[in-house]
1. Is one or more of the residues making up region 71-79 exposed (fewer than 13 other Cβ atoms within 10 Å of the Cβ), touching a helix residue (DSSP H, G or I) at 6+ places or on another chain (Cβ under 9 Å) and acidic (Asp, Glu)?
2. Suppose we filter 20, 112, 46, 8 for residues that are modelled with pLDDT under 90 and within 14 Å of the chain's Cα centre (by Cα); which single one remains?
3. Give the residues of region 29-56 that are open to solvent by less than 40 Å² (accessible area, probe 1.4 Å), among the polar types (S, T, N, Q) and within 22 Å of residue 97 (Cβ to Cβ), sorted by residue number.
4. What are the pairs, 6+ residues apart or on separate chains, where a residue within region 75-100 that is within 13 Å of residue 60 (Cα to Cα) has its Cβ under 6 Å from a residue that is hydrophobic (A, V, I, L, M, F, W, C)?
5. I'm checking my understanding of the structure. Among residues of region 149-165 that are open to solvent by 80 Å² or more (accessible area, probe 1.4 Å) and charged (D, E, K, R), which one is farthest from residue 118 (Cα to Cα)?
6. Just one of the numbered conditions (1) within 30 Å of residue 48 (Cα to Cα); (2) open to solvent by less than 30 Å² (accessible area, probe 1.4 Å); (3) polar (S, T, N, Q) is not true of residue 168; which one?
7. Looking at the structure I just gave you, is residue 64 more than 18 Å from residue 179 (Cα to Cα), of a type outside the set (Ser, Thr, Tyr) and open to solvent by 70 Å² or more (accessible area, probe 1.4 Å)?
8. Which residue pairs have Cβ atoms closer than 9 Å, lie 6 or more positions apart in sequence or on different chains, and pair a first residue in region 145-173 that is charged (D, E, K, R) with a second residue that is crowded, with 18+ Cβ neighbours inside 10 Å and part of a loop (DSSP other than H, G, I, E, B)?
Amino acid sequence: MAIAGNQADSELVLHDWQGANRSRAAKYLDKRLAETSSNYKSMAVATFFLTTAIAGFGWLLFGVILEHWLITVEMPTWLRWTWLLVGLFGVGLLALKLLVPILRYRVNVLYAARSIEREFPELHNDLVNAVLVNPDGTDPHKDLITRSLDKRAASQMTAIPADAAIDQQHLISVATILACLVFAGTL
C-alpha cells in the first residue's frame with residue numbers, strides 16, 4: 001500500500017522532504033505532490049465505497065434468491081436479522097481493514113511522485129530524483145544540483161494536468177459494474 005506509517009526507520013518514508021521550504025520550483029512540486037496525494041486518497045475512498053456497494057448488492061441479491069427460490073417456507077425473522085447483521089459486520093471489517101488506514105495515514109510523497117511518473121514517462125525520473133535528493137547546507141554543489149532538479153521537474157510538471165496524475169480506470173470500471181448491477185436489479 002502507498003501509505004506511510006509511523007515507522008521512522010523505514011527506507012521508503014521521507015520525513016525530511018522540505019519542498020515547501022526551498023525554491024519556488026520546489027514549492028510548486030510540493031503543491032503538486034500534495035494534490036496527487038489528495039487525489040489518491042479520494043480515489044481510494046471512492047473505490048472502497050463503490051466496491052462495498054457492489055458487495056452489498058450481491059449480498060442482498062443472494063439473500064433474495066435464498067429466501068424466494070431455495071427456502072420453500074417463509075424465512076424466519078431471526079434469520080433475516082442475522083443475515084443483515086452478518087452483512088453489516090462484513091462491511092465494518094472491510095472499513096476497518098481498508099478505509100481506516102487510507103483516512104488515518106498520509107500518502108508517501110515518493111509514492112505520489114512515482115505515480116505521476118508512471119502515468120507520464122516523459123518525466124524520465126526527474127520528479128523522483130527531485131524528491132530523493134535533499135539539499136545539504138554544507139555542500140554548495142548539492143544545493144545547486146537540487147535546485148536544478150527541482151526547476152527541471154517543475155517545468156515538466158506544468159504541462160501535466162493535475163487531475164491526470166492518478167489512473168482513474170479502476171474506479172470507472174467499478175462504477176460501471178455497479179451501474180450494470182443496479183440496472184439489472186431494476187429489471
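1. Yes, region 71-79 has at least one match.
2. 112
3. 37, 47, 52
4. 87/59
5. That would be 151.
6. Among (1) within 30 Å of residue 48 (Cα to Cα); (2) open to solvent by less than 30 Å² (accessible area, probe 1.4 Å); (3) polar (S, T, N, Q), the lone unmet condition for residue 168 is (2).
7. Judged against the criteria, residue 64 is a match.
8. 147/22; 147/135; 150/22
The values are calculated or read from the model by the stated rules, or taken from the named source; none is laboratory data. Remember, predicted model here, so these are calculated numbers, not experimental data. Neighbour counts run over all protein chains shown; Cβ positions are idealised from the backbone, glycine included. Ligands, DNA and RNA are stripped out before the accessible areas are found, and what is left, the full protein with its side chains, is counted by its heavy atoms. Shrake-Rupley method; radii C 1.70, N 1.55, O 1.52, S 1.80 Å.
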